[in-house]
Amino acid sequence: QVHLVESGGGLVQYGGSLRLSCTFSGDLFSIYTMGWYRQAPGKERELVATITAGGTTNYADSGKGRFTISRDYAKSTVYLQMNNLKPEDTAVYYCNADRGHADYWGQGTQVTVSS
């Protein structure tokens, strides 16, 4: 059973930076597409960024130029570096592992950006 544990969230001021981490266990990390999603209060969960097994990245428009997703195969960890944070980035951020026929979610980590 795949298990995902996020960390790195917190309170940051407008324009600040955070790096989220998601540690993967329970299967072969290298065959999964990994992603970050977020859900703000009263809104649906939305894509932030994904990275394929081969390292191809994809970003939602909201994070292009500010967010960077990366993965460390040796540590079975995926990261989301977030720079120039804005109050509208406030949300619970979730890690996702997708293998096509099955996907898994972490418990989420809160990111709050103060204005």
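For the range 4-115, the share of DSSP beta bridges that are antiparallel, to the nearest 5, is 90%. Above 20 Å lies some portion of the pair distances; for the chain, what is it as a whole percent of all C-alpha pairs? The answer is 34 percent, as a whole percent.
Net charge of the neighbourhood of Tyr104, taken over other residues with C-beta under 13 Å away and scored Lys/Arg +1, Asp/Glu -1, is -3.
Projecting the Cα atoms of His101, Thr57, Ser115 onto the charge dipole of the chain (Cβ charges, centred on the Cα centre) puts Ser115 farthest toward the positive pole. Only one residue of Thr68, Phe24, Val48 has its Cα farthest out toward the positive end of the dipole of the range 19-90, where Lys and Arg carry +1 and Asp and Glu -1 on Cβ, and that residue is Thr68. In this structure the chain gives 51 Å² per residue of accessible area when probed at 1.4 Å with all protein chains present. Structure remark: mean-square fluctuation, Gaussian network model of the chain, C-alpha springs under 10 Å; the largest value among Gly100, Gly26, Gly42 belongs to Gly42.
Take Asp27, project a point 7 Å from its Cα along the Cβ direction, then tell me which residues of the range 73-115 have their backbone nitrogen under 14 Å from it. The answer is 96-106.
Between Tyr14 and Tyr73, what FRET efficiency follows from the Cβ-Cβ distance if R0 is 30 Å, with the result rounded to 0.05? Write down the numbers at each step before the final one.
Working: r = 34 Å, r/R0 = 1.14.
With a Förster radius of 30 Å, E is 0.30.
Placing unit charges on the Cβ atoms only, positive for Lys and Arg and negative for Asp and Glu, gives the chain a dipole magnitude near 220 debye about its Cα centre.
Using θ = phi - 60° in the Karplus curve 6.51 cos²θ - 1.76 cosθ + 1.60, the 3J(HN,Hα) couplings for the range 28-44 round to 7, 4, 5, 9, 9, 7, 10, x, 10, 10, 9, 9, 8, x, x, 10, 7 Hz; x is entered for Gly and Pro.
Over the chain, with every protein chain in place, what whole percent of the accessible area is carbon and sulfur at 1.4 Å, could you tell me? Carbon and sulfur together cover 47 percent of it.
Ignoring lysines fewer than eight residues from Lys43 along the same chain, the ones with Cα atoms less than 18 angstrom from its Cα are Lys86.
Segment Arg66..Gln39, full-extension length gain: 7.9 nm, with 0.36 nm per residue of separation and the alpha-carbon distance subtracted.
The values are calculated or read from the model by the stated rules, or taken from the named source; none is laboratory data. Worth saying up front: this structure is predicted, and the values here are computed from it rather than measured. Cβ sites come from the backbone with ideal geometry, for glycine too, and all protein chains shown count toward neighbours. Each accessible area value is taken on the protein alone, full model and side chains, heavy atoms only, with ligands, DNA and RNA left out. Shrake-Rupley method; radii C 1.70, N 1.55, O 1.52, S 1.80 Å.
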